[in-house]
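Participant: One structure is given below, represented as structure tokens, and several questions about it will come after.
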Amino acid sequence: MNFGFQNKSVLVIVTWFAGFAVALGCSVRIGYIKPTNYELVKGAHAVVLAEAVTFEKKEEFRDGRAATGTFEFKVLERIKGDYPERMLKVEGDTDHRTWGAPDDFSYTKPDHGPCNPTDYKVGSKYVLLLNYHEYRGKGSWHVGGPPFTRVNVEVADAKAPWVEAVRRYARVAALKNYEEEKKELGQVKAMAEKSEDGLS
């Protein structure tokens, strides 16, 4: 297992709208280093496990194989933070691609436009990393994070390896003490290595 270190909907806006970003692509500065998965979870304002329940199409891709639009998600579990709503909306597309092996936490989807994936599938579950921003007195939640990171990973269910890992990361981050966090992460790493060796 690779650990790689109110009832109204809230509109969650992805920084790059899928249909526009596909044409532009994503670039990062020379020397950019991706954060570890732990740093990614620690830096998020909130993390939820959610299921995509509906999709409202806005525009088809030029070849007609997929479309951009708005997905509505039902929040199944609040893993970290205080995201307050039962539902959330995310701009995205239906150009669905796999997230690779469930226990490979180093895997990130290849870039198909935006700096992070924007493809979702109705009926699938996702671990979504959320950040809250205010502008002129109005706040909004965004799915996102640093480029080419695991901000919206599709998972099989609430017991999937990535969900379990993110729960552990969130518990460690809540310690808010460098030495204690380092100790706990060492234990998490040891557990993962033990599992890989078939000793658990």
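Participant: Can you count the Lys pairs in region 19-104 whose Cα atoms are under 27 Å apart, with each pair 8 or more apart or on different chains?
Facilitator: Lysine pairs, 8 or more places apart or on different chains, close enough: 12.
Participant: What are the ³J(HN,Hα) values, in whole Hz, obtained from phi via the Karplus relation 6.51 cos²θ - 1.76 cosθ + 1.60 with θ = phi - 60°, for each residue of region 73-89 in sequence order, with x given for Gly and Pro?
Facilitator: My calculation for region 73-89 gives 10, 9, 6, 9, 7, 9, 7, 8, x, 10, 4, x, 9, 7, 10, 8, 10 Hz in order.
Participant: Residues with amide H under 5 Å of SER124's amide H, sequence separation 5 or more or different chain, H placed in the peptide plane at 1.01 Å from N; which?
Facilitator: ALA52
Participant: Among the trypsin sites (Lys or Arg not before Pro) within region 24-69, which fall in a DSSP loop and have no more than 16 other Cβ atoms within 10 Å of their own Cβ?
Facilitator: ARG29, ARG62, ARG65
Participant: Given R₀ = 22 Å, what would the calculated FRET efficiency be for SER124 paired with GLN187, taking r from the Cβ atoms and rounding to 0.05?
Facilitator: 0.10
Participant: Roughly how big is region 82-168's charge dipole about its Cα centre, with Cβ charges of +1 (Lys, Arg) and -1 (Asp, Glu), in debye to the nearest 20?
Facilitator: With Lys and Arg at +1 and Asp and Glu at -1, about 220 debye.
Participant: Work out, step by step, the length gained on full extension between ALA156 and GLU180: first 0.36 nm times the residue separation, then minus their alpha carbon distance; give nm to one decimal.
Facilitator: Going from the current span to full extension adds 5.5 nm.
Participant: Obtain the radius of gyration and the Kirkwood radius of region 37-132 from its C-alpha atoms and give Rg over Rh.
Facilitator: 0.96
Participant: Using 0.36 nm times the number of residues separating ASP82 and TYR32, minus their current alpha carbon distance, what extension gain do you get?
Facilitator: 15.0 nm
Participant: For region 129-200, take the convex hull of the Cα atoms, compute a quarter of its surface area, and give me that in nm², please.
Facilitator: 7.2 nm²
Participant: Under the Karplus relation 6.51 cos²θ - 1.76 cosθ + 1.60, θ = phi - 60°, what is the ordered set of whole-Hz ³J(HN,Hα) values for region 172-185, x standing for Gly and Pro?
Facilitator: Calculated HN-Hα couplings, in order: 5, 4, 5, 5, 6, 9, 3, 5, 5, 4, 4, 5, 5, 5 Hz.
Since every read-out is calculated from the coordinates, none of them should be taken as a lab result. In this text, all values refer to a predicted model and were calculated from it rather than measured experimentally. Please note: Cβ atoms are built from the backbone with ideal geometry, for glycine as well, and neighbour counts cover all protein chains shown.
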